[in-house]
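To keep things clear, I will list the structure first and then write my remarks on it.
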Amino acid sequence: MNTDSYYNRNEVSNSDLTELKNLLYPRLQFGDKEKIFAFGSLVDAIITEPDRVNYYQLTVDDVKYTEDDFALAREMHKSLLMEARRDEFLDYVLKNSDTQKFMVKEREFDYTGFKYHLPTRCKWDWFLSSVGFGGDLKTTFAVSQSQFDEAVDFFDWDRSRAWYMDIAGSNKDFIYAISKKNCKVFKKFIERGDQVYRRGFDKYNELAFKYYLFVT
């Protein structure tokens, strides 16, 4: 499935929940949101969809980037590959995962006893079909593991991971993040029922209920 057709689908995604949250609870945005998203898309493409990248024209599909953007993205990719030499699991992920794999699922939700259904979707950066779980690739301004841990909560990456886990029915998940400041690689492993999963579940369960009330 190409990118356009995925984003034009009608099922509810974690991004839809984010848009609803921004409408209900607006907060100060730091930096250029569109530029940050575009750079993250560049890094994602270089690592998980290299066929979309044209290094001569500095484009991903028809989106043009600067030389500085490409230079930083390539340096971040290099850092991830170097980390994989030390991290056997990351090495396995890079060599064996299905990239940009999408899933759809009709789901029943239960919000404080009120049950309802929503069609849901997600698209994995990495999914390991051999073991039935996957994970996410992030770019971050964090320069330390503690800052990255704070970012997981602040940017609702915990909500994203719980949402994906529950669509796939997986019991494990992970995030690898590359710093845009110092190119360090940070990681977070998540298991169903742990603090990160439960916090993420509570976040999405409340937003999904409000989506059901206000949008459907």
Degrees between helix 33-48 axis and first principal axis of the chain (Cα, 0 to 90, nearest 10): 70 degrees
Around residue 53: net Lys/Arg minus Asp/Glu count, Cβ-Cβ under 11 Å: -2
DSSP-loop trypsin sites (Lys or Arg not before Pro) across region 2-72, with at most 15 other Cβ within 10 angstrom: 9, 27
Sparse-neighbour loop sites [chymotrypsin sites (Phe, Trp or Tyr not before Pro); region 6-105; at most 11 other C-beta within 10 Å; DSSP]: 30, 55, 56
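Using the count of nearby Cβ atoms within 10 Å as a rough guide to exposure, how do 194, 32 rank from fewest to most? All intermediate terms of the calculation are to be shown ahead of the outcome.
On the way: 194 13, 32 10.
Starting with the residue having the fewest Cβ neighbours, the order is 32, 194.
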Among 122, 60, 164 the positive-end extreme of the charge dipole of region 31-214 (Cβ point charges): 164
15 Å beta-carbon shell around residue 26, net charge (K/R +1, D/E -1): +2
In degrees, nearest ten, helix 195-214 long axis to first principal axis of the chain (Cα): 60 degrees
Spread of Cα-to-Cα distances over 5 Å intervals beginning at zero, given as percent, for region 68-216: 2, 9, 18, 19, 20, 15, 9, 6, 3, 1, 0
Förster radius 30 Å - calculated FRET efficiency between residue 8 and residue 153, Cβ distance, rounded to 0.05: 0.45
Charge dipole magnitude, Cβ of K and R +1, D and E -1 - the chain, Cα centre, debye nearest 20: 280 debye
Whole-Å distance, taken between Cα centres, linking region 68-86 and region 197-216: 35 Å
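Going by C-beta contacts inside 10 Å, put 23, 81, 207, 28 in order with the fewest on the left. Show your work: numbers first, answer last.
Working: 23 11, 81 14, 207 22, 28 4.
Result, fewest neighbours first: 28, 23, 81, 207.
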Inter-centroid distance (Cα atoms) of region 90-110 relative to region 118-172, Å: 10 Å
Lysines whose Cα lies under 18 Å from that of residue 115, excluding same-chain neighbours fewer than 8 positions away: 105, 203, 210
Between helix 14-24 and the chain: long-axis angle, C-alpha atoms, 0 to 90°, nearest 10: 70 degrees
Over 23 Å (Cα to Cα) - which of 33/64; 95/138; 123/188; 21/172 fall in this group: 21/172
Residue-wise HN-Hα coupling along region 63-68, computed from phi with Karplus coefficients 6.51, -1.76, 1.60 (Hz; x: Gly, Pro): 8, 8, 10, 8, 4, 5
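Here, each number is a calculation from the coordinates, and none is a lab measurement. Not measured: the values here are computed from a predicted model. Cβ: placed from backbone, ideal geometry, glycine included. Neighbour counts: every protein chain shown.
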